[in-house]
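Take a look at the structure below.
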Amino acid sequence: MNAPYGIVRDAYASPELAFKAVLINPYELGRQSFNLAAPAALLKAAGFEVVCVDLALQKLDPDTLQGARLVAVHLGMHTATRIAVAALPRIRALAPSAHVCMYGLYAAMNERLLRDLGVQTLLGGEFEPGLVALADRLRDGDCSMQRGPLVNLSRVAFITPDRTGLPELARYAHLVLPGGGRKITGFTETTRGCKHVCRHCPVVPVYQGKFRAVDKDVVLADIAQQVAMGAAHISFGDPDFFNGPTHALKVIKAMHVRFPQLTFDATIKIQHLLDHAVLLPMLRECGCLFVTSAVESVDDRILGYLDKHHTRADFERVLMLCRVNGISLAPTFVPFTPWTTLDGYLDLLRELARLNLQEAVPPVQLAIRLLVPQGSYLLHLPGFAEILEPFDPKLLGYPWRHADASVDALQHEVQAAAMRTASASRAEAFREIWRLAHAAAGREAPSLDGVDPGRPVPRLSEPWYCCAEPTNQQLQAF
């Protein structure tokens, strides 16, 4: 009889129960993945042999996949899914008898495509119970079709994530300090999902305005083990750290008491930073160096289409609040949309220059093109579906062409410039994009000499982004 989920088996008492599961993470912003370590711990506790492969640092190795009866691939973001789809034939070749499962946000959102590619099980939302139940069934010889829901939003009884099978923490993306110093960086999550329903966000079709918290003691134990591995900075990977501000404060206060020299960063919505501005001094006191926030646009009309619940003026207010409290703001953008104009793009660049944010924005953020995945709430906008082309499995979304071809041409040029200038300073990359944008509009680019680009800000060393095109280097892991 199968043990209930969460009940620990006598892991290796019976050799005949040996069952190898391989967990693969294609890409997670250069971080050591919580979404490999958390399910690895639960599967090991249930008696399974677990091997983790992180394609950001490792290759698909025949010895690793040999004998695997379950291969589960984490699809947490667009870039990861593009890499996973490209890697699937190689996975099949190396583990021909393994049951292939894909889990995470994009597994649920791309059900039809992934089923057509032969993926047998797809798990979205809080995937851990389904993953353990699947391994149980396979070990007991039940290879029938998927059971249980595609998306599970029930609460998970997490245990401390098991990071022992992953590459050492020092090999992952690190914190780069303005003075040139660096810190080994850990990565964990305090919540999943999001209580907001921004129309373009890939979290929304799966969680539909809900979020789930990870127990504080589990988060702290995960932080402690990463500190023991050398972490001097923690990057919280929650879609929004202030989905549960009380929970977030409990975590960072306890973390600060135990590890007073530890710094951190988090992602927080502009609206939440305004609503909870009184908490910013506490964030800084507990070691917050910077906050990433999805500003997306400085055009209030576009912000309305995206249902962001903030304005251009709100963005500026939050920037000033963060600066007053000694916290750097790292804004992210989706500058190329069907509603973007060349004048609007130039307006964004002028605003970043005016606010001394050239050094705060990585060049890839000025190249991001709006993605419309399966289930996107953008499809709820009246008339929006009419401008889309049929779903493209290679793109993992619905393609769209701008009514002004020069806007699409500029996006391609800016993306190429972002890759070309990745090793340059952000201010230098900004100057190149500034020149390209003015040339596209048929204007002479005003000189940026004398314009303060802002001071370099703390940042993570990974230059790419979750919804950017995979690079050739990322595709070479298999």
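Considering only beta bridges that DSSP places wholly inside the stretch 169-475, some 35 percent are antiparallel. Placing unit charges on the Cβ atoms only, positive for Lys and Arg and negative for Asp and Glu, gives the stretch 213-275 a dipole magnitude near 200 debye about its Cα centre. Phi angles across the stretch 246-260 convert, under the Karplus curve 6.51 cos²θ - 1.76 cosθ + 1.60 with θ = phi - 60°, into 3J(HN,Hα) values of 5, 4, 4, 5, 4, 5, 6, 5, 5, 4, 5, 5, 7, 10, x Hz, Gly and Pro given as x.
Rounded to the nearest 20, the Cβ-based charge dipole of the chain about its Cα centre (Lys and Arg +1, Asp and Glu -1) stands at 540 debye.
Percent of Cα pairs in the stretch 169-475 per distance bin of 10 Å, from zero to the largest separation: 6, 26, 35, 25, 8, 1. Amide H to amide H distances under 5 Å link Val151 with Gly124, where only residues 5 or more positions off or on other chains count and H is placed in the peptide plane.
Among 42-49, 400-407, 64-71, the peptide with the highest mean count of other Cβ atoms within 10 Å heads the list, and the full ranking is 42-49, 64-71, 400-407.
Residue by residue, the stretch 235-243 carries 3J(HN,Hα) couplings of 9, 7, x, 4, x, 8, 5, 9, 4 Hz when phi is fed to the Karplus relation 6.51 cos²θ - 1.76 cosθ + 1.60 (θ = phi - 60°); x denotes Gly or Pro. Under 20 Å of direct C-alpha separation, and excluding same-chain neighbours fewer than eight residues apart, Lys269 reaches these lysines: Lys195, Lys210, Lys250, Lys308. Using modelled amide H (1.01 Å from N, peptide plane; none on Pro or chain starts), what sits under 5 Å from the amide H of Cys288, excluding residues fewer than 5 places away? Answer set, sorted by chain and number: Phe264.
Here the residues Ile302, Ile223, ranked from fewest to most Cβ neighbours within 10 Å of their Cβ, fall in the order Ile302, Ile223. Between Pro260, Val151, Pro458, the Cα set farthest toward the positive side of the dipole of the chain (charges on each charged residue's Cβ, about the Cα centre) is that of Pro260. Please report the antiparallel percentage of the DSSP beta bridges confined to the stretch 161-238, to the nearest 5. Roughly 55 percent of the DSSP beta bridges within the stretch 161-238 come out antiparallel.
The stretch 123-183 and the stretch 69-112 have Cα centres spaced 13 Å apart. A viscosity of 1.567 mPa s and a temperature of 4 °C, combined with the Kirkwood radius over C-alpha pairs in the Stokes-Einstein formula, give the stretch 255-391 a diffusion coefficient of 79 µm²/s. Projecting the Cα atoms of Thr79, Ala46, Met102 onto the charge dipole of the stretch 15-152 (Cβ charges, centred on the Cα centre) puts Thr79 farthest toward the positive pole. May I ask for the angle, rounded to the nearest 10°, between helix 78-94 and the longest principal axis of the chain, with both axes built from Cα atoms and the value confined to 0 to 90°? Compared with the principal axis, the helix lies near 30 degrees. Summarising the overall dimensions of the stretch 15-152 from its C-alpha atoms, the Rg and Dmax are 13.4, 39 angstrom. Each of the peptides 149-157, 266-274 was scored by the mean count of other Cβ atoms within 10 Å over its residues; in descending order, highest first, they stand as 266-274, 149-157.
Since every read-out is calculated from the coordinates, none of them should be taken as a lab result. From a predicted model like this one, the values you see are computed outputs, not experimental measurements. FYI the Cβ positions are ideal-geometry reconstructions off the backbone, even for glycines, and counts take in every protein chain you see.
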